[in-house]
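Presented below is the structure to which this report refers.
The values are calculated or read from the model by the stated rules, or taken from the named source; none is laboratory data. These numbers were taken from a predicted model, which means no experiment stands behind them. Cβ: placed from backbone, ideal geometry, glycine included. Neighbour counts: every protein chain shown. With ligands, DNA and RNA removed, areas are computed over all heavy atoms of the protein, side chains included. Shrake-Rupley method; radii C 1.70, N 1.55, O 1.52, S 1.80 Å.
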Amino acid sequence: GRLRQLWSVPALREDYAMLGLGSPEGLIAYHLLDDADLRTLVANAPRNTDDLTRLEYRAPLAIFADGTIAENVEMFAHQRSALLPASVDVTGDAATLFAAAQTSMSFQDYDRAGLYISALANTPATADSETLRGSWLEATKDFTNARVAFENAQRLNPSSFAAIMGLAQIDQETKDYDGSEYLLREILDKQPGYIPALESYAVLETDRGNWREALQWQTKRVLADPSRPFVALILLADLFVHTGDYQNAEHLYVDLLNRDPYNGYVRTGLGKLYQSE
């Protein structure tokens, strides 16, 4: 309820978008355990006390240990007694499951997203739910069933760009570049500034090895989005390098490092550029 009250604040909406929240109910994707489950988890666990500060020594070791995150995720998942929390009021199970699945997909927690999507199977299919299911199946490399889901979404809503985009992505993943190009053209003929299609077209030409064409499409994608998203600019800088435009690539990499000084990918890209020069 508190999140719904704040949902209309523009600056906060930007923060919510960075967290992958398409609606307030998406917050449920971050929920790990209810109070009762948490109490069961920590029952009889060693306590951290002033005379035996386990936490100060174990936590730093765990940060650098292989598999710590995966082990923690598995531990919480095993302890969770219900998919939706009893401690948080939600508007409705279907809407909450959908929102939580979307948010889980945004930070690539496909196992968790799969649980929410499986629970949605008990509700009537919609174009949005089938598109979401298709995206999850694509992410888990089940391209055959992903195509079926996107086709179902298109039947339910023939004007859904998201469903057509899903089919175009499947064609790209399966190396049917001509099929993907046909679908992307279909979208861009109707809406030339549709950012997902522009972005996908740049990736398509990159996969084909057509660097200059890819650069043109990625430039259109960046210009169509005033927010200048970081990942989109990284690809643009990489494409400048591939086309031999080292000056623009350097300027863009430096600009990105000013925004995120510790970004390893950008530092590597800039280092390789200097190496090639």
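Miscellaneous remarks
- Dipole of region 1-101, positive direction: furthest Cα of ALA94, ALA36, PHE64, with charges on the beta-carbon: ALA94
- Only lysines eight or more places from LYS175 in sequence, or on another chain, were considered; those with a Cα closer than 21 Å are LYS141.
- Percent carbon-and-sulfur accessible area, the chain, ignoring ligands, DNA and RNA, probe 1.4 Å: 54
- Å² of accessible area per residue within the chain, as computed with a 1.4 Å probe and no ligands counted: 60
- TYR177-ALA94 pseudo-label distance in nm [points 7 Å out on the Cα-to-Cβ vector]: 4.2
- Largest accessible area first, the listed residues MET165, MET18, MET75 line up as MET18, MET75, MET165 when surface is computed with a 1.4 Å probe on the assembled protein chains.
- This model, with +1 at the C-beta of Lys and Arg and -1 at the C-beta of Asp and Glu, gives the chain a dipole about its Cα centre of some 280 debye.
- Backbone N under 20 Å from the ALA11 label point (7 Å along Cα→Cβ), restricted to region 205-236: 227-228
- Cα Rg over Rh - region 1-154, Kirkwood: 1.04
- FRET E, pair THR140, LEU188, Förster distance 30 Å, beta-carbon r, rounded to 0.05: 0.60
- Spatial offset of region 203-217 relative to region 13-29 amounts to 32 Å, using the alpha carbon center of each.
- Additional length obtainable on full extension of the chain from PHE230 to LEU61, 0.36 nm per residue less Cα span: 57.7 nm
- Taking one quarter of the surface of the convex hull spanned by the alpha-carbon atoms of region 174-277 gives a direction-averaged projected area of 6.9 nm².
- Put a plus charge on the Cβ of each Lys and Arg, a minus charge on the Cβ of each Asp and Glu, and nothing anywhere else: the dipole of region 17-86 about its Cα centre is then about 60 debye.
- Qualifying lysines (Cα of each under 24 Å from Cα of LYS190; at least 8 residues distant if same chain): LYS220
- Taking the inverse of the mean reciprocal distance over all distinct Cα pairs, the Kirkwood hydrodynamic radius of the chain comes to 21.8 Å.
- Label separation (LEU52 vs ASP245): 6.4 nm, computed from points 7 Å beyond Cα along the C-beta direction.
- Between GLY179, GLY92, GLY26, the Gaussian network model of the chain with springs among Cα atoms under 10 angstrom shows the greatest mean-square fluctuation at GLY92.
- Scanning residues 5 or more positions from THR243 or on other chains, none has an amide H under 5 Å from its amide H, with H placed 1.01 Å from N in the peptide plane.
- For the chain, calculated [θ]222 nm from helices alone, where every DSSP H run of n ≥ 4 adds -39500 (n - 2.57): -21500 deg cm²/dmol
- Residue with peak Gaussian network fluctuation, the chain [Cα springs, cutoff 10 Å], from THR126, THR91, THR49: THR49
- Residue among LYS220, LYS175, LYS190 with the largest mean-square fluctuation in a Gaussian network model of the chain, springs linking Cα atoms under 10 Å: LYS190
- Farthest toward positive dipole pole in the chain [+1 Lys/Arg, -1 Asp/Glu at C-beta], among ILE234, SER160, ALA202: SER160
- Basic side chains Lys and Arg get +1 at the Cβ, acidic Asp and Glu get -1 at the Cβ, and with that the dipole of region 35-192 about its Cα centre reaches some 220 debye.
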